[in-house]
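Asks: Encoded as structure tokens, here's the structure I'll be asking about.
Every number here is computed from the coordinates shown, using simple stated rules; none is lab data. Computed from a predicted structure; not experimentally measured. All Cβ positions, glycine included, derive from the backbone under ideal geometry; neighbour counts span all protein chains shown.
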Amino acid sequence: MSENTSKRCRRIVIKIGSSSLTHEQTGGLNFTKMEKMVRELCDLQNQGMDVCLVSSGAIAVGRQSIGMKERPSDISTKQACAAVGQAKLMMTYQKLFGEYNHAAGQVLITKNTMINPVSRNNAKNTFDELFHLGVIPIVNENDTVSTYEMQFGDNDTLSALVASLIGADMLILLSDIDGLYTDDPHKNPKAQLIREVSTLDEKIYEMAKGSTGSNVGTGGMATKLTAAKIATFSGADMIIANGNDVSVLHQIFEGEDYTGTLFHANSNPNFRLADFIMESIG
Ligand SMILES: Nc1ncnc2c1ncn2[C@@H]1O[C@H](COP(=O)(O)OP(=O)(O)O)[C@@H](O)[C@H]1O
Ligand SMILES: N[C@@H](CCC(=O)OP(=O)(O)O)C(=O)O
């Protein structure tokens, strides 16, 4: 991304996946990484940007707190894990943002929030007011009340819907991988990293596999391309980068070289957020 593009960003959404927030061996929170990410976000806000964080991790963190070894598959166990984990996540974020004298607020969203025009507008007003007050919204799906029929299930799509709703210029997905490869690199060692995508066509969609590379992630690359469609059609650039080193955030916004895949904004005048939600996830 050129320096000019990065400097123009006013409102950004950053999504971090469960695998980037937790230690692979134990499932426990990676405090060092969280602390560094919070510092990066506070610094971006200090530069005058409206910053929104979409954080996964509720189920993974809850599961670890309860001492559950296996990844839960039934919805009620996931809901119970999320109830414990979301509270723990927010407690940690509040403490870390507080250390930098920044305020964070929790916004939990369900598919209903996005489908219903009244609640969608209410959510937008809440985001606008939080930005106005200088508060960093921390968003997750409201997993404890979302059933199979009514859940997004992945925060890639959710983060793109939020980016579209709040009119963000940029969405960054911090993943456990450097970006979009020509194939899943965990399965195909010859897969190559793609640096830029100007048009989302069939060739690109075929590269992304739905399988996740970790024990805690959801969606794999397929949901990231759904997110790319929503974000770019809504006029935002989207970047997939590795959450392993969160200093990639200031590399992006300082116009430095960074490793990742940039999907160029490609505003589509026919794109209507509400129609998209009804067609694809409603
Ligand atoms: N074409 C592809 N390029 C890169 N990763 C891919 C691709 N297809 C599938 N994947 C898988 O997607 C995973 C990233 O998604 P996910 O497991 O949901 O993690 P996160 O939520 O941290 O982003 C990678 O670890 C990789 O195994
Ligand atoms: N809402 C769920 C996360 C779902 C999800 O998308 O997870 P991930 O693939 O780790 O980004 C949770 O907080 O556990």
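Asks: For region 3-23, check the following and say yes or no: at least one residue is within 16 Å of ligand 1 (Cβ to nearest atom), without any contact (Cβ under 8 Å) to a residue 40 or more places away in the chain and outside any helix (DSSP H, G or I). Full working, then the answer.
Replies: Step one: list which residues in region 3-23 are within 16 Å of ligand 1 (Cβ to nearest atom), which gives 13-23.
Among the residues that remain, those that are also without any contact (Cβ under 8 Å) to a residue 40 or more places away in the chain are: 23.
From what is left, the residues that are outside any helix (DSSP H, G or I) are 23.
Yes, region 3-23 has at least one match.
Asks: Please work out which one of (1) touching a residue at least 60 places away in the same chain (Cβ under 8 Å); (2) under 21 Å from the mean Cα position of the chain (by Cα) is the condition Thr113 fails and give its number.
Replies: (1)
Asks: In region 147-170, how many are closer than 27 Å to His250 by Cα and part of a loop (DSSP other than H, G, I, E, B)? Spell out the reasoning first.
Replies: If we filter region 147-170 for residues that are closer than 27 Å to His250 by Cα, which is where we start, we get 154-170.
Right, trim to part of a loop (DSSP other than H, G, I, E, B) and you get 154, 167-169.
So the count comes out to 4.
Asks: What number goes with the only condition from (1) surrounded by 23 or more Cβ atoms within 10 Å (Cβ to Cβ); (2) assigned to a helix (DSSP H, G or I); (3) touching a strand residue (DSSP E or B) at 6+ places or on another chain (Cβ under 6 Å) that Leu173 does not pass?
Replies: Leu173 satisfies every listed condition except (2).
Asks: If the requirement is being under 23 Å from Ile138 (Cα atoms), within 12 Å of ligand 1 (Cβ to nearest atom) and small (Gly, Ala, Ser), which of these qualifies: Gly260, Gly243, Gly235, Gly167? Walk me through it before giving the result.
Replies: Working: Gly260 fails: under 23 Å from Ile138 (Cα atoms); Gly235 fails: within 12 Å of ligand 1 (Cβ to nearest atom); Gly167 fails: within 12 Å of ligand 1 (Cβ to nearest atom).
Of the residues listed, the single one that is under 23 Å from Ile138 (Cα atoms), within 12 Å of ligand 1 (Cβ to nearest atom) and small (Gly, Ala, Ser) is Gly243.
Asks: What number of residues within region 81-112 satisfy the criterion of being outside any helix (DSSP H, G or I) and of a type in the set (Ser, Thr, Tyr)? Steps first, please.
Replies: Kept after step one, since they are outside any helix (DSSP H, G or I), are these residues of region 81-112: 100-110.
Then drop every residue that is not of a type in the set (Ser, Thr, Tyr), which leaves 100, 110.
Residues meeting the conditions: 2.
Asks: Could you count how many residues in region 123-146 are in a loop (DSSP other than H, G, I, E, B), in contact with a helix residue (DSSP H, G or I) (Cβ under 6 Å, 6 or more places away or on another chain) and either more than 16 Å from ligand 1 (Cβ to nearest atom) or more than 21 Å from Tyr93 (Cα to Cα) (or both)? Explain how you work it out, then say what you get.
Replies: So the first thing to find is which residues in region 123-146 are in a loop (DSSP other than H, G, I, E, B), and the list is 133-134, 142-146.
Adding the requirement that they be in contact with a helix residue (DSSP H, G or I) (Cβ under 6 Å, 6 or more places away or on another chain) leaves 143-144.
Going one step further and asking which of them are either more than 16 Å from ligand 1 (Cβ to nearest atom) or more than 21 Å from Tyr93 (Cα to Cα) (or both), we end up with 144.
Result for region 123-146: 1.
Asks: In region 136-178, which residues are closer than 17 Å to Ala274 by Cα and aromatic (Phe, Trp, Tyr)? Before you say what the answer is, go through the steps one by one.
Replies: Filtering region 136-178 for residues closer than 17 Å to Ala274 by Cα gives 150-152, 157-168.
Answer for region 136-178, where residues must be closer than 17 Å to Ala274 by Cα and aromatic (Phe, Trp, Tyr): just Phe152.
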